[in-house]
Every structure is written in C-alpha cells, then in structure tokens.
Amino acid sequence: MKTLPLFKRSLIFLLLIGLVHISQGQSVVDPPASHFGFQPGTDRMLFDYEQLMEYLKEVEQVSPRVHLEQIGTSPMGQPMYIAFFSSPENIDNLDNLRDINRELALNPNLSEQQRAEYFREGKVFFTATLSMHASEVGPSQAAPLIAYRLATTENPDTLQWLDDVVYMMVPSHNPDGMNMVVEHYRKYKGTKYEGSSMPGVYHKYVGHDNNRDFVTLTQSDNRAISRIFSHTWFPQVMAEKHQMGSTGPRYFVPPNHDPIAENIDAGIWNWIGLFGMNMIKDMTREGLAGVSQHYAFDNYWPGSTETCIWKNVIGFLTECASVRYAKPIYVEENELSVWGKGLAEYKKSINMPEPWEGGWWRLRDILDYEVVSTFSAIKSCANHRRDILAFRNDMCRTQVEKGKTQPPYYYIFPREQHDPGEFVDLINLLNDHGVQRFVLEKSIHLEGRRFSKGDVVVPLAQPFRPFIKEVLEEQDYPVRHYTPDGEIIKPYDITSWSLPLHKGVTCYETDHRSQALENSLSRIEGAYDLKGPAAEDYQALVFPFTRNESYRAAFMAEKKGLDAAYTLEDFQLNDQTMLEGAFVIPFSSGRKEEISQIMSAMKVQPFTIREEHGLELKELEMPQIALVETYLHDMDAGWTRYIFDRYQIAYDILRPAQINQEALEDYDVLVFPDSHKSVLMQGSYESDRYYRMSSYPPEYTEGMGQQGLKDLMAFVDEGGKVVSWGSSAELFMGKQVIEKGDDQEETFKLPVSNQADEISQSGFYCPGSLVQVHLSKNTPLTMGMPATAGVFYRGDPVFQTSVPIFDMNRRVLAHFSEEDILMSGYAEEEEQIAGLPAQVWVSKGAGEMILFSFQPQFRASTTANYKLIFNSLLFSSEP
C-alpha cells in the first residue's frame, strides 16, 4: 500500500495540532486537543454542535482575526453562525467590505473610478458551508483545526492571504442533524452496531434532501444560508463540503462532469475549473492521493447550495470518501471501484492522476483532505483577488446588458390566478432570492396580450438574470452523449423545477422589449400580498376551495376549536359565484384572537358574508390520520410531515412494524408516502434479484410483515381509508389477503395493477419530470383543481385498471394526457403512458384507497397538487 512521504504526513499533522506556528503578541488560543480533550480526527471520537460552537466562541474571544455572527436558526431552533476569519484590519472593517461586495454584485453602473477603488480596497469573500448532510461528519469536525490555524498562524504567506481574503465558515449547515448523528454514534459506540446508519432523517424534516431545497427555500437553515448570497454578504466564492462513498476515489474537486447548466456564463465554469485545478495540484503535492475531477457529479440543476452560481458566485462542490462516522475502515485494493460518469476504471487517468491504493481510511484522513483543500481555495482567492472582484462586477454588467438586448425580456404574472395564494408565495420567494419585482401601474398590450394594472413583472435586466430565467422557464434537459450518437449522459437528479409550472401559476415569457411597459412599472418593496383592509361587521369568512391557503384556514380553525364548514351548494357573493365546497368560518365575538391569527396567516383576502346567509353547510370533520414513516432515511415522509405541520394538519407517526389490527382502530386515514415495498414489508431493501444487508441496528429494521398487510387490508375492508403515492402503491398490487376469523381467509386482487416494468421495456424513461394529466371533475377528490395540471413523475408506478368484481370498485381520477405529455424536463418514449391512469380511487368493502402514481407533494415544490392530498384526507368519492 502506498503511504504519504513521512515528512509530508508529519507536516500535515503538526499543522493540524497547531505546533508549527504559535501566535505571538496576543492571548493564547487553546489548541483543539486541549479544548475537546482529544485531537479532532481521533478514531472513534466526535464532538457535537454545542461543543463546536463553544470552541469557536472561545477562539473569537481571544483572536482579533475571528468574528462570529448569527445568521438564523435551524428548524429545531439551534442558532446558526458564520465564523469570519481574516486579518484584524479586515475584521474591524467588515461593514465597509460588505458594502463593497454589494456594489460589485448588484450595481452595473459603477464608474471606472469606483470600480478601481473597490478593486483596490475590496477583499475576496470565500464562504464554505460544512456538513449539511450530517452523516458526512468530516467537514464540521475539521472546523476547529482550520479555525485554530487561521487564528494563530504567523506564516507570512497565510497572513498575506488573510490580508486579501475573508474566509466565511458556516461551521455546520445542519446543526440539528449534527447532534442527531453524534448522539447516535455515541449510543452504539463500543457495540457491534458502532458506525451503523442513524434511524430516521438527520434533520427535522428532510434529511439528505436539504441539498435539494435551494430553489423553494422551505427550510429555515437553507433560508439562512441563501440570504448570505442574495441579501447580506454577497461573497464571490463558495464551496459546499460533502462526503461520498468509501470505496471509490478519495476526493472530488471541480470541474464537474457534463451536463452543465446552459444559463450559466462560461466565465463561471472557467473560474470553478481554476479552483479545482489548484486544489488537485496542492493536494497531490501534499501527498493526498485519489483526488478526482470531471467525475460523477454534474451541475445542470439548481436546488443544492451551489444554486448560488446562478447568482454569479464562483461556487463548487467537494466530496471526500467516508468512514463510518468516526470508526475507521480498511479498504482492500480489489474493493476499489468507480461509478457513474468520468471514470470507467479505477486506474490512473486524467481525471484521477494519482489513485489511492487502499488500506486504512480514518476520520483523520478526511480532516487532512479538508484542511488542505480549504487552504488551497483561500490561496486561490488571494492570488486572484483583483481578478475575482472585477469578474463579479463584470458578471453583473453582462447579465443586466443581456436582459436589455437578448430575449426573453420579462416574465409577466397576471394578478388574476387560479390560486392567488400560490402566486403571492412565488412573488415573495423571488424576493427571498434577491430578485427585483415590479407591478404594472396601467394596462398595456404586448405580444398580442393585454396585461392589466396590478400584474407583476419580473424583468430579465437584473444581475441575477441566470437564476430568474432558470426557475421561471420550463426545463429542457441538456442532452449530452458519451460518444457521438451514443448513450446519453443521464441526469444525476431531477429535470424539472419551473416555479410557475410546479406551483400552477400562470406566467408569460415575453420576447419583445417594451419601453411602454418599462415606463409603467413600480417596484415592489418587501413582502407582497393580496390582502385588503381588515374585514369588519361580518357574519362569516368564506375561503374558495381553489386556494391552498383556504384549506389551511379550515385546518387552523378546526385545530383551534372554531366552527368550520363547507358549502353544499353554489351561491352568489359580491357579484361572484362561490362554488360548492367553499369553506366557511363563522364569526364569533368570543374568538376574535383565534380568528385574527387565521387572518394573519393568509396572503389573500377572504370573502365575507355580512348578513344571515341561510347556506346549506356541512361541518368540517377532521379524520384521525396516521402517517406511515419508515426508519430508513424516509425523506418523502419527512416532506409530508413538513407540509402537514405547515398546514396544521394533526397526525400521528406510525412505523410499519406498528401496523396491526389494534393500532389501526385509532385511525380513519393512513397515509403512505413514497417508500419501497420491501422497506414497508421487511424493514430493509430487498427484491427478487438481490439482497442488501441492512446498515441499521436491528430494532429499526422491522416491517409490517404479511400479518400487518392483512390487518391493513382488513382496516380498509371495514371502512378505513388509505392514501398512497409513488413506490408505496406497490403494496396494494397483486394478491391480497384478509383474515375473516375461524381460520377463514378472503383472497382478492384490487382492480388496479402496476405496468411499469412492461412499459419501461418498451423504452419509457422518466427520471423526474413534470408531465400533464387530465383530472375528473365529477368527484370531490379533485375539487379546486383545474381541468389539466402538471404533476411530478418518475416513471413508476404506471397504473392500469380493470373491471372489478364482488365488493370492489374503481374510478380514474386523473390520467396522463394523450399528447403534449411532457411539460418540463426530460422523458423518453413518453407516449407509452398516454391516456393511462395517473390517480385512481379504489373501494374494497366499506373502505377506500386513493392511489397516486406521482408524488403530489414532491419536495414541497409541487404546491399545485396539494389540494389532491387535502381532498383525499377530507372527502370520499362516490362511483
């Protein structure tokens, strides 16, 4: 096995424990080993978030090179920080340097004299976000080593770097998950399950998907990070620090592999490549083998922390090979392999010039790679300080000029929308991203359409033009091939993220510039809403069912013990027709505070009834809901929890192993988010083709088993309801059994099946795209939905119904379009699913099931489909 030269390994070790350079002329900074009682990187030792921040706060107290600033809170209430590292002069001048960053990022009209002054005085701000995926512990565990070295070094080169650079460390992007993982590791330390996978998601809600949230910004930790790039510090360079599998290359640095985003300027990609080339050069020089480039990780989709590159930041990803948290592993040479794009063999190649040859791999090794790669990036920032600052303002100028000279010129949102609440949310989300929004002050005609006073306009002549275009246009996956006309390079993740399409908001892309329009714009400052004056002297509030927030109002009212109902007839109100199903909350003088809280949560003004109405109403009755969530990092269930919490839907968590006849007696509705059938049944991933050994402690690997499935079907047969989407629908395909007592069983097959295997063999492929469905209008289960809608679909399941017998029935609630199926993203041979069911209602005995082939709440991004979930919880269908 090849090892590092002794002098290089010793040098890295000495640098890490702080013995090479001891600060002089200032108070002594405690070395990490003294503070924690162990050297970070020591086998089988981890510190948690509180311990990490305690150390960084102590360093800040002693070192004039360090400043901590809180930037937000995590979903579970932990304070989140940036730690700034630079020269004392820069630390004292941070406010002025931040203003320079803002001007360079956002002002395309700087004079050459102003630019020259900012280039002379400005510093490169380099942000690194550490360990957002909390099981990838190395970057956060390396934070004290980096902090100690920057706070104490007297090395003249490093001090010069600190004169030119402000390093902004986010010590943990995911504090909640960091504590969960460390607690889990400590719990099993010293047992056979040390290093086992942590049960559940390492986050309040979304686990690994926190790195898929940087368009929609649903999670508070991600909003805190996003504000750094969109509103506060405007750093020029960013790295997000991750880990990957254990048996491939030791490290990944940019450039990425194809495909790359077509809306990103070539200069961004070139700068990213420069940082990557410097890292692989510096890391190889320090004896760190196995560094790869152009491997596995493409960069065509926004959603990760790297979404900042659409805002002109030089942003990139690094990935280090993992251990089992802090437990070392030994990798035999024959176990080393590669996967995906960029490396076909684990051999010396242009994309991995010096392979690692196997052997022991420890947390200490990860920390070595993290420290060297970080200091390489800081050095690159310093060596190219002026050019990076100039590039940032050049990009601002370039993008604004493109917006003035190249179509599209504007995205225009009519004020009248099917769901005005989602329209308001979208306009405010753009503000969260630093996008300027305007309202039309008078009506105009453009491209054959009349746009009215009050419509919202988003011009493309803005510094963040690439982001605006990326998230408001429909997606067309950048197809690339490994060889001419050969196999396509398949997507790493999803292929659709269009905010208007995913939210069901009407938006027009315009390709002609209009001076009349631009002269009629008034900028929207701050939050946007469609609320009018506070309602007074009314008998009841009315919320149309076309709005998601109407359901939220009804759920809030029910939770607060207020009367809530829905109408059983159409009626006229203020010259508008309110359709059957509108929610009504009567006014109660003794419940003003609760009603005020509901009104404060609304973004659109509800309607009011000012006189006795005599409407035929039905009381809203919330069912008892159980959400089935597995222990195997069940992100889709986590997203569902997030939506239920946000809309104030009460529910219990039910684990698959808890599904039995007695437990089910407490519930009316069981919700099964997207989860593999084998996980639900056996508690681990299995199939007819392979067995995958579980990495979880055994108490977390129990499924419902055959008895649980029988009890589940009995629950339906006796009047219960099941709502299921995605892979979990496979539970209900094929032969089913219900125990009837006295050793009697009923066997049956529901009148719906999954044809995905057969369809895929015909060439159908859909990696995660928005496809068009047509919805039945003869059922309350589709109430509030338009006749057609886009749904997020990954190609499995593909339903086929059949004529039922005995006590079963079925109705197709939604089917895929016959043509123009693909709305956004990528698919192959999508005509194979034309006309097939996408959502099905099935009855058995006294109960019913609503089965979705798509995920109606995908990553909380497809808000246009939420009403399908809400209706499934509240209402039943009659054939």
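Within segment 633-737, the trypsin sites (Lys or Arg not before Pro) that combine a DSSP coil assignment with at most 10 other C-beta atoms in a 10 angstrom radius are Arg689, Arg692.
Return the carbon/sulfur percentage of the accessible area of segment 714-815, one whole number, probe 1.4 Å, all protein chains in place. Don't skip to the answer; put the middle values down first.
Numbers: 1930 of 4280 Å².
Roughly 45 percent, rounded to a whole number.
Computed with a 1.4 Å probe on the full set of protein chains, the accessible area for His445 sits at about 140 Å².
All other residues with a Cβ under 12 Å from the Cβ of Asp43 taken together, and with Lys, Arg as +1 and Asp, Glu as -1, what is their net charge?
Details: positive: Arg44, Lys189, Arg324, Lys327, Arg362, Arg364; negative: Glu194, Asp365.
After counting each charged neighbour, the total is +4.
Surface calculation, 1.4 Å probe, protein heavy atoms: Tyr325 sits at approximately 20 Å² accessible.
What ranking of Tyr647, Tyr690 comes out by heavy-atom accessible area, probe 1.4 Å, highest first?
Details: Tyr647 5, Tyr690 90 Å².
Largest to smallest exposure gives the sequence Tyr690, Tyr647.
Per residue, the chain reaches -9000 deg cm²/dmol at 222 nm when only DSSP H runs of four or more residues are counted, each adding -39500 (n - 2.57). Each DSSP beta bridge with both residues in the chain is either parallel or antiparallel, and the antiparallel ones are about 70%. Under the combined filter of DSSP loop state and at most 14 neighbouring Cβ atoms within 10 Å, segment 794-843 retains these GluC sites (Glu not before Pro): Glu818, Glu819, Glu829.
For the peptides 614-625, 246-257, residues were scored by their other Cβ atoms within 10 Å and the scores averaged per peptide; the highest-first order is 246-257, 614-625. For segment 124-195, the share of accessible area belonging to carbon and sulfur comes to 48 percent (1.4 Å probe, ligands and nucleic acids excluded). Exposure check, 1.4 Å probe, all protein chains in place: Lys453 carries approximately 140 Å² of accessible surface. With 25 Å as the limit on Cα-Cα distance, the pairs of Lys560/Lys867; Lys379/Lys469; Lys453/Lys503; Lys192/Lys241; Lys281/Lys469; Lys453/Lys603 that go past it are Lys379/Lys469; Lys192/Lys241; Lys281/Lys469. Entry comment: accessible area of segment 91-136 is 41 Å² per residue, from protein heavy atoms only and a probe of 1.4 Å. The tail of the calculated P(r) for segment 78-181, taken as Cα-Cα distances beyond 22 Å, holds 43 percent of the pairs.
Students sometimes get this wrong: rank Tyr826, Tyr410, Tyr193 by accessible area, probe 1.4 Å, all chains present, largest first.
Working: Tyr826 35, Tyr410 5, Tyr193 70 Å².
So, going from the largest accessible area down, we get Tyr193, Tyr826, Tyr410.
Quick one: angle between helix 635-646 and the longest Cα principal axis of the chain, in degrees between 0 and 90, rounded to 10, please. So the inclination is approximately 70 degrees. Between the C-alpha center of segment 122-201 and that of segment 248-305 there is a gap of 20 Å. Relative to the dominant Cα principal axis of the chain, helix 266-285 is inclined by about 50°.
Pick out, in residue order, every one of the trypsin sites (Lys or Arg not before Pro) in segment 472-559 that is DSSP loop and has at most 15 other C-beta atoms within 10 Å; say none if there are none. Please list the in-between numbers first.
Working: sites: Arg480, Lys503, Arg513, Arg523, Lys531, Arg547, Arg552, Lys559; in loops: Arg480, Arg513, Lys531, Arg547.
Those that pass, being in a loop and sparsely packed, are Arg480, Lys531.
Between the helical axis of 175-188 and the longest alpha-carbon principal axis of the chain there is an angle of about 80 degrees.
Calculated accessible area for segment 815-879 comes out at 26 Å² per residue, all protein chains present (probe 1.4 Å; ligands, DNA, RNA ignored). Structure note, pairs Lys311/Lys442; Lys710/Lys844; Lys327/Lys677: Cα-Cα distances above 21 angstrom occur for Lys311/Lys442; Lys327/Lys677.
Divide the volume of the convex hull around the Cα atoms of segment 743-879 by the residue count and you get 128 Å³ per residue.
Quick check: the distance between the Cα centres of segment 490-544 and segment 584-611, to the nearest angstrom? What the calculation gives is 24 Å, centre to centre.
Residue ranking by accessible heavy-atom surface, 1.4 Å probe, largest first, among Thr191, Thr747, Thr153 comes out as Thr747, Thr191, Thr153.
The values are calculated or read from the model by the stated rules, or taken from the named source; none is laboratory data. Every value quoted in this text rests on a predicted model; they were computed, and no experiment measured them. Heads up, the Cβs are rebuilt from the backbone with ideal geometry, glycines too, and the neighbour counts pull from every protein chain shown. Heads up: the accessible areas ignore ligands, DNA and RNA and are worked out on the full protein's heavy atoms, side chains in. Shrake-Rupley method; radii C 1.70, N 1.55, O 1.52, S 1.80 Å.
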